[in-house]
Amino acid sequence: MDSETAAYYRLEETLRLHQGNEVVFVEAAVPVVEFATWLCAWWTAHQPAKSYTPNGADPDYGPLLLLAPTGGGCHRLMYSRGNTPANYKAEQANWHYAVTRFCEDVRQAVWERYHLHLERLLPPHQLSH
């Protein structure tokens, strides 16, 4: 592994989302650098709803996650749990902390594993919101 682009495509981990102490979402083999890049881009662009489907995923299964503002400074995370849609709502400050923490954790993991800084894909200053 010798570049940020290689990290983008090769680093796959299990993605777990928590609400308090409860794990509310688990997906194996998620390309975490790709996901962090997508998440960071959505957060910093102040976009309306945006769905995430990993590159190369079967399009018949639909998006893995959907993030959307709900008004009043809140955002909603939506995904399917089996055949049941799941919705979790959080305030903007909580999202900022979660997005920043996730991206920093990915940046740190890539540095520890591959000695690569993700300056081009995940610039540290990009997350000020």
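Computed from the coordinates by the stated procedures, all read-outs in this text should not be read as laboratory data. In this text, all values refer to a predicted model and were calculated from it rather than measured experimentally. Using ideal geometry, Cβ is built from the backbone for each residue, glycine included, and neighbour counts are taken over all protein chains shown.
Quick notes
- Helix-derived mean residue ellipticity, 222 nm - over the chain, DSSP H n ≥ 4, -39500 (n - 2.57), to 500: -11000 deg cm²/dmol
- Each of Asn21 and Ser3 was given a label point 7 Å from its Cα along the Cα-to-Cβ line. The distance between the two points is 4.7 nm.
- Rounded if a/c under 1.5, otherwise prolate or oblate - the range 24-129, Cα gyration tensor axes: oblate
- Paramagnetic label zone (point 7 Å from Cα along Cα-to-C-beta, Ser80; backbone N under 17 Å) in the range 55-71: 57-67
- Cα shape, the range 1-55, gyration tensor, a/c 1.5 rule: oblate
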